[in-house]
Amino acid sequence: MTGLDWPATLKRTDPAERTRNNRYAASLRDSIDDLETELGRVGVDDWRLSTAAQHQKRNPRYPYANASPTDPGAVVRWTMDGDQYAVACDAYSRLRDNVRTLYLYLREKRKMEQRPVETGESEFANARLPPADEGATQGAVVARQPPHVLLDVAPNAPANVVKAAARQKLKEHHPDRGGDREMFKRVQDAKDAMLSEVDR
């Protein structure tokens, strides 16, 4: 399988703005395996990874090990309880880093879903696609800017730097102080994602 199936309504990252991520140590294969495990934990019915790399014939979810396509973007589409979902990332210059980011995004969503907090909707609601007759790509989400960019720290910043930067941003965006609730949540997610990588 070749050809990136990027949702038509989602903006792409300008290739000149893509960054190299030296923070992720996992290989492309490991990231896909982790992604599969994560999707299994949330109970998906079926899923597929779409990239511009040539995928193996025997294992179509996996690009060849030396995959380095000109377009490093990655899209994960899945079905769960009859609904279709998709998330996409092309913020980094390497395919493996974009796939890793998708895995981390889904892992954080799953963790949030398991917390005993009522939000009125599933944490995965923003990735839900509308019914096919309304257009299959309208509801997909793009994995947002990398956590280190959002927190304004180095990609491999130590835990104490990440926590300090997050504390400042959380204070700045706290909803009780007139801040944006969505941005507040994004900062929390970015902090959790960076700290989980430090712990690996």
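The values are calculated or read from the model by the stated rules, or taken from the named source; none is laboratory data. Here the structure is a predicted model, which means the values were calculated and not measured. Counting neighbours? That spans all protein chains shown, and the Cβs are built from the backbone with ideal geometry, glycine included.
Any idea which residue in segment 1-34 is nearest to the chain's Cα centre (by Cα), counting only those that are surrounded by 15 or more Cβ atoms within 10 Å (Cβ to Cβ) and among the polar types (S, T, N, Q)?
Going through the qualifying residues, I end up with 31.
How many residues does segment 162-194 hold that are surrounded by 15 or more Cβ atoms within 10 Å (Cβ to Cβ), free of Cβ contacts under 8 Å to residues at least 40 places away in the same chain, of a type in the set (A, V, I, L, M) and out of contact with any Phe, Trp or Tyr (no Cβ under 9 Å at 6 or more places or on another chain)?
Here the count works out to 5.
Taking only segment 46-59 into account, find how many residues are surrounded by fewer than 18 Cβ atoms within 10 Å (Cβ to Cβ) and either outside the structural domain of residue 82 (by TED's automatic domain parsing) or out of contact with any Lys or Arg (no Cβ under 8 Å at 6 or more places or on another chain) (or both).
Matching residues across segment 46-59 total 6.
May I ask you to list the residues in segment 35-45 that are at negative phi and surrounded by fewer than 18 Cβ atoms within 10 Å (Cβ to Cβ)?
The answer is 36, 37, 40, 41, 45.
Here's a check for you: in segment 30-52, which residue that is among the charged types (D, E, K, R) and out of contact with any strand residue (DSSP E or B) (no Cβ under 9 Å at 6 or more places or on another chain) is farthest from residue 62 (Cα to Cα)?
Among them, the one singled out is 41.
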